[in-house]
1. Quote to one decimal, in nm, the extra length available between Glu43 and Ser73 on full extension: 0.36 nm per residue of separation minus the C-alpha distance between them.
2. Based on the Kirkwood radius over alpha-carbon pairs, what value in µm²/s does the Stokes-Einstein equation return for the translational diffusion coefficient of the chain at 4 °C and 1.567 mPa s?
3. If you count, for each residue, the other Cβ atoms within 10 Å and average over each peptide, how do 38-44, 11-17 line up from highest to lowest?
4. Write down the accessible area per residue of the chain in Å², having rolled a 1.4 Å probe over the full set of protein chains.
5. Using just the helices of the chain, give the 222 nm mean residue ellipticity in deg cm²/dmol: DSSP H runs with n ≥ 4 each add -39,500 (n - 2.57), and the total is spread over all residues, rounded to 500.
6. According to a simple spin-label model (label point 7 Å from Cα along Cα-to-Cβ), what is the distance in nm between Asp61 and Asp17?
7. Against the longest alpha carbon principal axis of the chain, how many degrees, from 0 to 90 and to the nearest 10, is the axis of helix 26-47 turned?
8. When the accessible area of the chain is split by element with a 1.4 Å probe, what percent falls to carbon and sulfur?
Amino acid sequence: MPKYFFHIRRNDVFEEDLEGIDLASPEQAREEAVAAAREIVAEAIRRGDPADGATFEIMTDEGSLVATVPFRSAVGLE
C-alpha cells in the first residue's frame, strides 16, 4: 500500500509530515485530508481562533504532489 504524507503549509511556514500513513489510493488520501482539516478547523473555532489559510499538501513517498486541500474549503468556507 502506498504511503502518503500530509504536509501543512500556512503562509510562509511549511510543516513537514515525517511519518505519513499507508492508504489505498490518492482519493482515500484526499478524503483523509478533508476529514483532518475539518477537525483542525473545528478545534480552532472552539478556541475562538479564526479558520486560517492553511493547506494540506499531500505527497507520495516518492515526492509527487497528489493533491492540495485548503482547510477552508474542507468546511465550505471557500
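The values are calculated or read from the model by the stated rules, or taken from the named source; none is laboratory data. Keep in mind that what you see is a predicted model, and the values were worked out from it rather than measured. Virtual Cβ from ideal backbone geometry, glycine too; neighbours counted across all protein chains shown. Protein only, heavy atoms only, side chains kept; ligands, DNA and RNA dropped before computing areas. Shrake-Rupley method; radii C 1.70, N 1.55, O 1.52, S 1.80 Å.
1. Numbers: separation 30, 0.36 × 30 = 10.80 nm, distance 1.58 nm.
Stretched out fully, the Glu43 to Ser73 stretch lengthens by 9.2 nm.
2. On the way: Rh = 12.7 Å.
It diffuses with D of about 102 µm²/s by this estimate.
3. 38-44, 11-17
4. 64
5. One gets -10500 deg cm²/dmol as the mean residue ellipticity at 222 nm.
6. 1.4
7. Around 20 degrees separate the two axes.
8. Result for the chain: 48 percent of the exposed heavy-atom area is carbon or sulfur.
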